[in-house]
Amino acid sequence: MTIEQIIRWFVDTDGYEFAEQIYGHTKSDYDSNGYLAGKFHMMQTKPITWMASLDPQNRKRLEQAILKHTPTEGIREHE
């Protein structure tokens, strides 16, 4: 896993994908659950604090989500 992959996941992931990939919830759960929206906001504004708050199972889900992610804009290779 590279820093570019981590950054792309954080930038490309919307609230619905976030709820499903990290917390195992559906789109309708996200829309009706202030907890998930709050966690998504925390991920966007305080990513290190959010990652530190994850339990081991959700940290593993985050790792898997980042590794499986296909960037929407592509990862730029450095020359």
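Taken together, the values in this text are just the output of simple stated rules run on the coordinates, not laboratory data. Please read these numbers as outputs of a predicted model, since none were measured by experiment. Heads up, the Cβs are rebuilt from the backbone with ideal geometry, glycines too, and the neighbour counts pull from every protein chain shown.
The residue among M42, L67, Q57 whose Cα reaches farthest toward the positive pole of the charge dipole of the chain, with charges on the beta-carbon of Lys, Arg, Asp and Glu, is Q57.
Using C-alpha pairs below 8 Å separated by at least 6 residues, the relative contact order for the chain is 42 percent. Cross-link partners among lysines for K68, C-alpha distance below 19 Å, same-chain residues fewer than 8 apart left out? Once the sequence-local lysines are set aside, what remains near K68 is K60.
In terms of packing, defined here as the mean over residues of other Cβ atoms within 10 angstrom, the peptides 39-46, 17-24 line up highest first as 17-24, 39-46.
Can you give the translational diffusion coefficient of the chain in µm²/s, computed by Stokes-Einstein from the Kirkwood radius over Cα pairs at 20 °C and 1.002 mPa s? Display every interim value, and only then the final one.
Details: Rh = 13.0 Å.
Approximately 165 µm²/s, per Stokes-Einstein.
Quick one: putting +1 on the C-beta of Lys and Arg, -1 on the C-beta of Asp and Glu, what dipole do you get for the chain around its Cα centre, in Debye to the nearest 20? The partial results should precede the final answer.
Numbers: 9 positive and 12 negative charges, 61 e Å.
Approximately 300 debye in magnitude.
The stretch between T26 and D55 holds 8.5 nm of extra length on full extension. This uses 0.36 nm per residue minus the Cα-Cα distance.
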